[in-house]
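What follows is calculated from the coordinates using simple rules that are stated; it is not laboratory data. Note that this is a predicted model, so its numbers are computed, not measured. For neighbour counting, all protein chains shown are included, and Cβ atoms are generated from backbone atoms with ideal geometry for every residue, glycine included.
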Amino acid sequence: MAYWLVKSEPDAYSWNDFVSAGTAVWDGVRNYQARNNLMAMKTGDAVLFYHSVEGKEVVGLAAVSREAYPDPSAPVPPDGKPTPWVVVELTPQLLFPKSVTLKQLKDDPILQNMALIRQSRLSVMPVRAEEFDRILALGEVS
């Protein structure tokens, strides 16, 4: 199993929106590195859900429920070739008892080299197992 983090602005799509929907098509990604991360996701992988811009905190845990397929929201390239953009489907698993703030992440020695800290603009990123375990502990997830 691999571990990931996805970011969403809560004004656009919050954890509560995600839970209400029951599943989400993670679309609209237009960065090649983030796209490559989506393509690497496998069914059952664990995904941390991070509220960006407002809140700046990990609030919940999701799972990949469908692997990458072409993004239906992507414009069709002028040459008629398939779009390079993909989506995955995610399913919410649990709300953290205690959200984990960006400040906590930055202050924790185990998390100093997280992609979220080093590449703050990336919307989909891998998380190492020890980082994932530490974030669960900070979020009081047992």
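Data table
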read-out: Phi-based couplings in Hz for region 30-42 (Karplus 6.51, -1.76, 1.60; Gly and Pro marked x); value: 10, 10, 5, 5, 5, 4, 4, 5, 4, 5, 7, 5, 10
read-out: Dipole in debye (nearest 20) - the chain, about Cα centre, beta carbon charges: Lys, Arg +1; Asp, Glu -1; value: 320 debye
read-out: Partner lysines for K98 [C-alpha distance under 19 Å; skip if fewer than 8 residues away on the same chain]; value: K7, K56, K106
read-out: Sum of -39500 (n - 2.57) over DSSP H runs of 4+, divided by residues of the chain (222 nm, nearest 500); value: -6500 deg cm²/dmol
read-out: Potential lengthening between K42 and D17 on full extension [0.36 nm per residue; Cα-Cα distance subtracted]; value: 6.7 nm
read-out: Extension reserve of the D27-Q112 stretch, reckoned as 0.36 nm per residue once the Cα distance is removed; value: 27.7 nm
read-out: Least to most buried among K81, K98 (fewest other Cβ within 10 Å first); value: K81, K98
read-out: Max mean-square fluctuation residue, GNM over the chain, Cα-Cα springs under 10 Å, options A62, A46, A115; value: A115
read-out: Size of region 8-62 as Cα extents on the principal axes (Å, biggest first); value: 26, 23, 17
read-out: Max mean-square fluctuation residue, GNM over the chain, Cα-Cα springs under 10 Å, options A74, A34, A12; value: A12
read-out: Nonlocal amide H pairs with W4, under 5 Å, H built at 1.01 Å; value: A46, V47, L48, V127
read-out: Region 1-20 versus region 34-88: alpha-carbon centroid distance in Å; value: 11 Å
read-out: Choice from G28, G80, G55 showing the highest fluctuation, given a GNM over the chain with Cα pairs closer than 10 Å; value: G80
